[in-house]
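For reference, the structure discussed in these notes is given below.
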Amino acid sequence: MSELRADRPMRVLVTGGTSGLGLAMASALAGAGAAVALTGRSGTRADEVAGQLPGAVGVAMDVRDESSVARAVDRVWTRLGGVDLLVNNAGIGMRTVNPRFMTEPRAFWDVPADGFRAVIETNLTGYFLVAREVTPRMLAAGGGRIVNIAVSESTMHRTGFVPYGPSRAGSEALSRIMAADLTGTAVTVNLLLPGGATATGMLPPDAAPANMTILDPAVMGPPIVWLASDAAAGVHDERIVAVDFERWLHARTGSH
C-alpha cells in the first residue's frame, strides 16, 4: 500500500472507527503513516481499538448529539494539531430495526418510529453534524478534505430497507450539496463506497444468499489512502467505488 507524505503526517478523523469499514480505513491510514483519531460512542472502546494502531488516538463521540460532536472535534483538533481529512463513516444498519432483514424483509409501515429516527439521526444527521463542526475549522486553517462513506444505489431502494436506504440516499444527497457549497474553496468533498455487501456487523452472519459475494472491509484501504495522498489534492465531488478503484484511477490518470 502506498505511503503518505513523510514531512508531516496527514491528520485524519474517522468517525465510527472501532469496527467494520471505519476500522479498516483507520488501519490502512495509520499503516500508511497518517496520524489517526477514531471515534466511537464508547470512549473506552475507542481507546482500546486505537491502541492497536500505530500512533492512533481514540475519542468518544455520539454523532447524533451536537455537543458531543463539538467536544470530540475540539479534542481531536487539539490532540492532532488540526484535521486534514474527515472520514464521515459512523452509522447503524437495518439490524437495529429488523435483525432478519435479509431473509424476512419488513414493510415500511411495520418499522417502529423510534427505530426510523435512530437510523436517520445517526446516518444522515450525524454526517451533517460532524461536517458542520469540522468544515469551518478547515476553511479557517486553509483547506482540508472530507470523504463521506456511501453505499450502492440499489441499497437505497431495496425492498424492506426502510430506514437504512433512505438514510444513505439522504447522506449521499447531503454530500453532493456539501461539494457544491464548497466548490471554489480549499476544502474538497468526495464519496467512497465499497461496491457491494461487506463483512461488517451490519450484515447478519448467516443471512447472505449462497450466490452473494461478500466483500472484505479491507477493500476500502487503497482508495482511502489514495484520497489522503498528495495525488488526490484537488479531487472533488467524485463518487469512488472501492471494488473498481484501480480501474477508476487508471481511467483518470492513464497510468497502471
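A few points about this structure:
- Peptides 128-134, 214-220 ranked from most to least packed by the mean count of surrounding Cβ atoms within 10 Å: 128-134, 214-220.
- Residue order for Trp248, Trp109, Trp226 - accessible surface, 1.4 angstrom probe, largest first: Trp109, Trp248, Trp226
- Correct option for semi-axes √(5λ) of the Cα gyration tensor in Å [calculated from the coordinates] among (1) 28, 21, 18; (2) 24, 21, 18; (3) 32, 20, 19: (1)
- In the full protein context, the chain carries 45 Å² of accessible surface per residue, based on a 1.4 Å probe and ignoring ligands, DNA and RNA.
- Residue-level accessible surface for Glu121, protein heavy atoms, 1.4 Å, Å²: 80 Å²
- Distant-in-sequence amide contacts of Ile146, defined by a placed amide H-H separation under 5 Å and a gap of 5 or more residues or a different chain, comprise Leu86, Thr188, Val189, Asn190.
- Here's the picture: a label point sits 7 Å out from the Cα of Ser154 along the beta-carbon direction, and within segment 212-244 the residues with their amide nitrogen under 13 Å of it are 212-215.
- Overall form of segment 40-91 per C-alpha gyration tensor (a/c, 1.5; a/b vs b/c): oblate
- Measuring nothing but how far apart in sequence close Cα pairs (under 8 Å, 6+ apart) lie, relative to its length, the chain scores a relative contact order of 20 percent.
- Ranking Ile149, Ile92 by solvent-accessible area of protein heavy atoms (1.4 Å probe, all protein chains present), from largest to smallest, gives Ile92, Ile149.
- Note on surface exposure: Phe101, Phe108 rank Phe108, Phe101 by accessible area, highest first, 1.4 Å probe.
- Carbon plus sulfur fraction of accessible area for segment 137-184, probe 1.4 Å, in percent: 55 percent
- A prolate overall shape is assigned to segment 93-194, the ratio a/c of its alpha-carbon gyration tensor axes (a ≥ b ≥ c) being 1.5 or greater and a/b exceeding b/c.
- Check: the chain dipole with +1 on Lys, Arg Cβ and -1 on Asp, Glu Cβ, in debye: 160 debye
- Estimated [θ] at 222 nm from DSSP helical runs (n ≥ 4, -39500 (n - 2.57)) normalised by residues in the chain, nearest 500: -11500 deg cm²/dmol
- Rounded percent of accessible protein surface that carbon and sulfur make up, segment 9-126, 1.4 Å probe: 51 percent
- Accessible area of His157 in the full protein assembly, 1.4 Å probe (Å², nearest 10): 140 Å²
The values are calculated or read from the model by the stated rules, or taken from the named source; none is laboratory data. From a predicted model like this one, the values you see are computed outputs, not experimental measurements. Virtual Cβ from ideal backbone geometry, glycine too; neighbours counted across all protein chains shown. These accessible areas exclude ligands, DNA and RNA; they are computed on the full protein's heavy atoms, side chains included. Shrake-Rupley method; radii C 1.70, N 1.55, O 1.52, S 1.80 Å.
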